[in-house]
Amino acid sequence: MRKVMKNAIITFLILFLGISTVFLAYLHFFASDDRNLTGEWCAELDMTGQAAAMAYSWLRDIESVSVSLDEVESYMQDLTIQVNLTMEQTGRAEGTFRCSVLPESYDACRQAAYEAFAEAFRSLVAERLRMAGYGDYAEGEAVEALVNETFGMSAAAYLMNCGPSLLPSLEELQAAYDGSGTYEAADGILVRKFDTGGAAGTRQEQYIRKESGLILLGDTDDAAADGSAEYYPMIYTLKQPDSLEGNG
């Protein structure tokens, strides 16, 4: 009887150790996988709301014409600026990173914002001309020709030179995001130590890693110091091999 009990206990211990080993292996290779942030990540800064608000504050001053923020927003869609983040794991929960705002993306976003601004501007000018009895000049092309004749440039160029700044400057965004250095990741906290770039210093951000997505929720106390808190959360997507070849 004792021998049977002894054998049963030994069998149980062997099974327990086996299960424990499998569980620990799972924790090591899978549960801790969210610490591995290696890859090239891409996020889009949404500038639509800010651009629409700045344009609205200027357009509403056009005499005798009413306009709402919603109307201005209807002209401005999907105004985004690309931010690239490259991370390479060098230890169990640490590595190096490089982050940058893509200048070409900024230029394209700025141009698109002012083109949309110009479209809203032409619409309001046309409405004002109709109210004043100049219906013949109230078409889009006629308004554009009138702007060209008056200011010697297109409506978009005029607004870009004489209107409000719809976006933060490229330098401001670079100061908030550009830089490189080392990072540590543990317990859902990403600590990035910037050695170079406008964002020099240490930034602590909450993060969530799930498959090909990386969400930086940010630490508002730290982020507020450089003005980047308004851009959180940052939603990064892992670039796939095909897209990497296309960018090369």
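Annotations for the structure displayed:
- Of all residues in segment 160-205, those satisfying the criterion of being assigned to a helix (DSSP H, G or I) and either open to solvent by less than 70 Å² (accessible area, probe 1.4 Å) or among the acidic types (Asp, Glu) (or both) are Met160, Leu170, Glu171, Glu172, Leu173, Gln174, Ala175, Ala176, Tyr177.
- Single condition Ala157 does not satisfy, out of (1) among the aliphatic types (A, V, I, L, M); (2) in contact with a Gly (Cβ under 9 Å, 6 or more places away or on another chain); (3) not in a strand (DSSP E or B): (2)
- Within segment 80-104, considering residues that are under 23 Å from the mean Cα position of the chain (by Cα) and without any contact (Cβ under 8 Å) to a residue 60 or more places away in the chain, the one surrounded by the most Cβ atoms within 10 Å (Cβ to Cβ): Asn84
- Beta carbons closer than 9 Å, at least 6 apart along the sequence or on distinct chains, pair a first residue in segment 122-135 that is within 16 Å of Arg60 (Cα to Cα) and open to solvent by 40 Å² or more (accessible area, probe 1.4 Å) with a second that is part of a helix (DSSP H, G or I) and not acidic (Asp, Glu) for Arg122/Gly140; Arg122/Val143; Arg122/Val147; Arg122/Ala155; Ser123/Tyr75; Ser123/Gly140; Ser123/Val143.
The values are calculated or read from the model by the stated rules, or taken from the named source; none is laboratory data. If you're wondering where the values come from, they're calculated on a predicted model, not measured in any experiment. Positions of Cβ are backbone-derived with ideal geometry, glycine not excepted, and every protein chain shown enters the neighbour counts. We work out accessible area using only protein heavy atoms, side chains counted, and drop any ligands, DNA or RNA first. Shrake-Rupley method; radii C 1.70, N 1.55, O 1.52, S 1.80 Å.
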